[in-house]
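Before any comments, here is the structure.
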Amino acid sequence: MKHPSEQDFALSVDEQQLLALLQGMIRINSVNPYLDPEGNGERELAGYIGSVLEGMGLEVSYQELTDKAVNVIGILRGSGNGQSLLLNGHMDTVSSRNMSIEPLQPTFADGKVYGRGSCDMKGSLAAMIAAVQAIQQAGVALDGDVILTFVADEEYKSIGTEHLVKTLKADAAIVCEPSDLDMVVTHKGFAWVKVELFGKEANGSRPHEGVDAIVKAGKFLVELERLSARLREKQHPILGSPSVHASLISGGTELSTYPDYCAVEIERRTIPGETVADVEREMQEMLGKLASEDEQFRAEYEIFFVREPYEIDPGEPIAQALREAYVQRFQTAPRISGFSGWADSALIHGAGIPTVIFGPHGAGLHGAVEYVEWSSLVQMTHVLANTIVRFCKSNENQNAGAM
Ligand SMILES: [Zn+2]
């Protein structure tokens, strides 16, 4: 079978246009207002992107989430006889208060473009648009739809993609988070758990009347360290071990009083194959053991926020299409890797849309000096455009004219 290739369709990336798009986006503040109360949110950037997409003749729609948070979607319609592909990127950035460079001033120097969000992930947003422009300029007629989705709030609670997957379907997706041009096929999930320990208040001079909730929390923390050691024995081939740690602790009222309450909040990072049921079981085992050893031990727990881990089978058609497009560009297969952190990919993949992650190289994500490496962004755009053609042109058309 002959596959359509970059040469076949003379796909070429307009680098000037790519750079202009990236610079235009960096100039617009889209700091997530949940992370920084003075953040501008995504509305202004969504308007900018929406007008670019309209100029390209795409079908453009907006999803209103809050007064500051908006998703924008642009669809390049195919003939209707092929597989649809969703590309996803988040418009929000973290705060720029800690930056030592001008956050909204896109500076191009030493092969790098600097600015807040240049790598995480306005570079990728520009690449998503430029890849579709390359396909349009080459006059390639696709069979499946290309759905460009620019979402809000990935850096906080992902309300953008959470809403998106309730309203859109596609045959596959690429989340364009920066990945150093690796094909990322897995990442960890997490669960946040609040543990409340109950004691009995008493004056410090009357020990027989008091039960010290903070000391009981100490017993729980010892068990947590044991759990942490046990988790290190589990291994995922790419992600390594799951983990658990204590994040926050509070309790006590004053020096001369036995505290009747202590709260410990913990984070459990999960690997593929682990579910919230595993976290439930661990909590019940730890608290059950402590209660059986100490009749004064009283505790409750609540798992109050969960994000699932993510993993795709590299044999899925979208992973194969991306691999082939990468080989076409670099004459070698992409590195397969995983993220230790979490991304919107888990929500999209979890909604039944097979998802891979692919994006540029850069540094300083969330840091003082953020940049995206320009050459990696150009390469990413080529690979994206080629992947779209491979995935969204139907086999019948691919075979037409084959030798
Ligand atoms: Zn990101």
*Would you mind listing how long segment 202-251 runs along its three principal axes, going by Cα atoms, in whole Å with the largest first?*
55, 18, 8
*Rounded to the nearest 10 degrees, what's the angle between the helix 317-330 long axis and the longest principal axis of the chain, both from Cα atoms, 0 to 90?*
60
*Full extension from N81 to I238: what is 0.36 nm times the residue separation minus their Cα-Cα distance, to one decimal in nm?*
52.9 nm
*Between L255, L18, L58, which gets the highest mean-square fluctuation from a Gaussian network model of the chain, Cα cutoff 10 Å?*
L255
_Let me see the P(r) profile for segment 64-144: every Cα-Cα distance counted, bins of 5 Å, each bin given as a percent of all pairs._
3, 11, 17, 19, 16, 14, 10, 7, 3, 1, 0
*Whole-angstrom Cα spans of the chain along principal axes, big to small*: 89, 45, 38
*Gap separating the Cα centres of segment 246-270 and segment 150-221, nearest whole Å*: 17
*Only Lys, Arg (+1) and Asp, Glu (-1) charged, at Cβ; segment 189-307 dipole about Cα centre in debye*: 420
*Could you quote the convex hull projected area for segment 189-307, Cα atoms only and averaged over all directions, in nm²?*
7.5
*Computed over segment 145-226, the ratio Rg/Rh where both radii use C-alpha atoms and Rh is Kirkwood*: 1.30
*So what's the angle, to the nearest 10 degrees on a 0 to 90 scale, between helix 123-137 and the longest Cα principal axis of the chain?*
20
*Grab every C-alpha pair in segment 61-202, bin the distances at 10 angstrom width from 0 up to the longest one, and report whole percents.*
9, 31, 32, 16, 6, 3, 1, 0
*Run the accessible area of the chain with a 1.4 Å probe and give the carbon-and-sulfur part as a rounded percent.*
49
*Give me the net charge of E201's neighbourhood, meaning all other residues with Cβ under 11 Å from the Cβ of E201; Lys, Arg count +1, Asp, Glu -1.*
-2
*Pick from N203, N32, N81: which residue has the top mean-square fluctuation in a GNM of the chain where Cα pairs under 10 Å get a spring?*
N203
_Using only the alpha-carbon atoms, how far is helix 15-26 inclined from the longest principal axis of the chain? Give it as 0 to 90 degrees, nearest 10._
30
_Just to be sure I understand: of the beta bridges DSSP finds with both ends in the chain, what percent are antiparallel, rounded to 5?_
75
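The values are calculated or read from the model by the stated rules, or taken from the named source; none is laboratory data. Just so we're clear, the structure is a prediction, and the values are computed from it rather than from any experiment. For neighbour counting, all protein chains shown are included, and Cβ atoms are generated from backbone atoms with ideal geometry for every residue, glycine included. Ligands, DNA and RNA are excluded from the accessible area calculation, which covers all protein heavy atoms including side chains. Shrake-Rupley method; radii C 1.70, N 1.55, O 1.52, S 1.80 Å.
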